[in-house]
Every structure is written in structure tokens, then in C-alpha cells.
1. Give me the number: length gained by fully extending F337 to Q44, i.e. 0.36 nm times residue separation minus the C-alpha to C-alpha distance, one decimal in nm.
2. Across bins of 5 angstrom width beginning at 0, how are the C-alpha pair distances of the range 297-362 distributed, in whole percent?
3. Once you've got the Cα coordinates, tell me which of K277/K361; K148/K399; K90/K402; K277/K395; K25/K334 are over 32 Å apart.
4. For the range 1-45, list log₁₀ I(q)/I(0) at each q in 0.16, 0.23, 0.25, 0.27 Å⁻¹, using the Debye formula over Cα point scatterers of equal strength and ignoring solvent, two decimals each.
5. Can you tell me the equivalent ellipsoid semi-axes for the range 1-147? Use √(5λ) from the Cα gyration tensor, largest first, whole Å.
6. In the neighborhood of D160, defined by Cβ-to-Cβ distances under 12 Å, what is the net charge if each Lys or Arg adds +1 and each Asp or Glu adds -1?
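Read-outs throughout are calculated quantities, based only on the coordinates presented, and are distinct from any laboratory measurement. Every value quoted in this text rests on a predicted model; they were computed, and no experiment measured them. Quick reminder, even Gly has a Cβ in these numbers, built from the backbone with ideal geometry, and neighbours come from all protein chains shown.
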Amino acid sequence: MSAYLFVISLCVVVIISFFFSLIAKRTNLPSVLMLILLGVGIQQVLLYFGIEPQYFNTLEVLGIVGLIMIVLEAALDLELKRDKWPIIWKSFVIAFVSLGFSSVLIAFVTQLFIQNLDFISALIYAIPFSIMSSAIIIPSVSNLSKDKREFMIYESTFSDILGIMFFYFLIENVDASGAGEVAIALGSNIFLTLIISVVLSYALTYIIQNIKTEAKFFLFLAVLVLLYAVAKLFHLSSLLIILMFGLLLRNHKVLLWGKLERWLDDEAIDGLFENFKMITIESSFLVRTFFFVVFGISLSLNTLVNWEVWIMSGLFLVILYLIRYVMFFAVERKDIFPQVFLAPRGLISILLFFAIPEDFKVPELESGALLVVIIFTSLIMAWSLISETANARLKNKEKDIKIAQQEKLPFQKIKESKLTDVFHNN
């Protein structure tokens, strides 16, 4: 393929992805499914012309950048206010407990299907299946009520961050002998990383507010990626650096005190936040587009003809939604729908699945089960959102009819008066 044809192909994929996002907003069908199917279609075209697609290195690089962008985008969405504390603690508890129980139960189920698989390896495989995708949820819940929308944003964000940290911590401390050594390793790792994260975040924010050149945002994205990679080489919880920087930009009025509050300019940081968020959203869109398309190209469709893959995936889905229902019933107690069914798996799950070290990889556990779980969790989410929208419209119609009956007005007059109020308000 010539360079011009390659560039044309990239541009066409981005344009198609944009239209997929428009379709997703109108139909509540996640664009991730359409992107994966686009990748599968490209794979079949390449195979037809005798080209064997090999994109695993590309997938890994896109995954690392996508991981950083997702955590940063999620951190920029987390607003730390006292009045939001009930939503924060409830969503954190549900995300944390659901992640833990789902991972353990899925690990046990995996051991039932694969003989001689030790529990740690099964748990490493189980974690990607247990993490929700904030990259899918955040743009999909815009039509929900404010409280439900904020709850899902917080929960999916916590699920992403906790799941990623749990996965890499487990891999890096798998050789630890005993719970005491694991606890010491975890405590020292998080403590050291938190100190570095706080210092670097304040330093970067102070520096960036004083840079007057226009081309500074991608410079700092490059610095963040560099810090992440260097910290990862030293086996630190490097995502805390990205998380802390995003939280500081979003909540600088809460997290600044003493001399720090005098050193940093509120107006300058507010402007940085708006611009940084816009660039992060745009960059995340681009990375997600190519990641899911490349994932579709790299998929081995032969695994889907294995009946064990479907049974295993079905049991995984039962575990995920059963634990989710129990947790919502215990914590929220009421008005738990459609939140229970909003649990899609996406980019993080794929990234971590392919990031499993060679020492822990099992030939029997290929990407087929992950693909099935991604597809069905996305379809269940789409169905629940469509049902919620239909129920909301029905309730509004019943409310209008009731008002019309009370005021003895035709139903059409109520609709016209509402349209008139909207027109005048705008």
C-alpha cells in the first residue's frame, strides 16, 4: 500500500468513526461495536487480497496512550464537592466491591474450564472482564437524569482506575511470599507514588500556567506520557501521577491551600482546564477509534466457534450482573434501574487482556470470550438505555394527559403551551 492510500485509509476511518458516534447518540448503540465490526470487515478485505494483518505492537502502543488518556479524561470529570459526597462514596463502594467479587468468582469459573490453571493466573485473566468502560459509559448516559448520570460517571471512573491498579499490582507482586510482604509492597508503592504524584502535579500546573506559547498542551501530554513510562519502569503505580494531575486541574480550588493557593492563578488554571479537557476528549476519540479498529483487525474469529467460549462467557455475564444487582440493592436500595444494566466492557478490558505477561498466558483463553462479553454487555446497555428513554417519554405523556384532565384542556393544547414556553425561554 502506498503512503497516500494509507493516509486516505486513516482519514476514512476517522470520518466513519465520527458518523458512528452520531449514530450511537441517536440509537444508544455503543460506537465501540461498530468500530470493532469495521475492523473485522477490514481484516476480511485484507485476507481476501492475501495480506496477513499483524498489528499487535500497534495495538499495545495505542493501548498505553489510550489508557493514559482515559484516566486523564476520567480525572477531569471527577468533581470533588461536599454535596457530591453521597454519590462519590456509594459509587466507589459499588465499583470496589463489584471489581473484587467479580474477579474472584470469574477466576473460579475459569479454573473449572481450564485444568491445572493456578488461581493467580486465573485472577489475572479475570480482572479485564471485571472492569467497566468509562470510555463507553460517559458519552452514553447523557440522556439519563442528573443524579443517575453523575453516579455512572463516578462509578465507571473508579472501576477503571481501581481495576488498572489492581491488575498491575498483582502482576508486579506475584512473586511476593506471604500477605505481609504483599501489604508492605503495596503500602510503600502507593505512598511513594502519592508523594511523587502530588509534587509533580503541583510543579507541572505551576509551570504550565506560566508558559505563554500556544503549543503547550501536547507538550504536557508528552510529559505526562513520559512520566507514566518512566514510573512504570521503576514499578511505581504510575497512573496515580496521571490521576492526581487531572484531579488538581479539575478541583484546584479544593486541593490548593496555603502558599500553593497564592502561587497558582485561579483564572489561568480554569482556562487551562477547559482547553486541556477539550484536547483530551479529542485525543481520546482518535486513540479509541484506531484502537478498536485495530482490535477488530487482530481478532481471531475461529475462537467464536468453540462452544466452551460461549458457555464461559455466559457464566461471566451472569456473575457480573448478579453481583451488580446485589450491590445496587444493598447500597442504593431504590431506583436502581437502568444502572444495574449499564456495565459495558471496552478499551481497558482489551488493553489489559493483551497486556498479560507471557508467563501467565494460557493458549485456551483467547480473545473470543472477551469479544463475546464486550458485545453482550454493550447490547444490554443499549437495550436498557432505549427502554429508559421510552419509559421517560411515556411518563411525560401520562403527566401531560393528567394535567389536561385536571385543567379540562385538550392534550394538544398542553403540548402547544410547552412548546411556547420553550420558545420564549430560549
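1. Details: separation 293, 0.36 × 293 = 105.48 nm, distance 3.91 nm.
That pair, F337 and Q44, stretches by 101.6 nm at full extension.
2. 3, 12, 15, 19, 21, 12, 9, 6, 2
3. Values: K277/K361 37 Å; K148/K399 21 Å; K90/K402 36 Å; K277/K395 36 Å; K25/K334 27 Å.
Going by Cα-Cα distance, K277/K361; K90/K402; K277/K395 fall outside the 32 Å limit.
4. -0.48, -0.81, -0.89, -0.96
5. Three semi-axes, in Å: 33, 26, 14.
6. On the way: positive: R345; negative: E73, D77, E155.
Within the 12 Å Cβ shell, the charges total -2.
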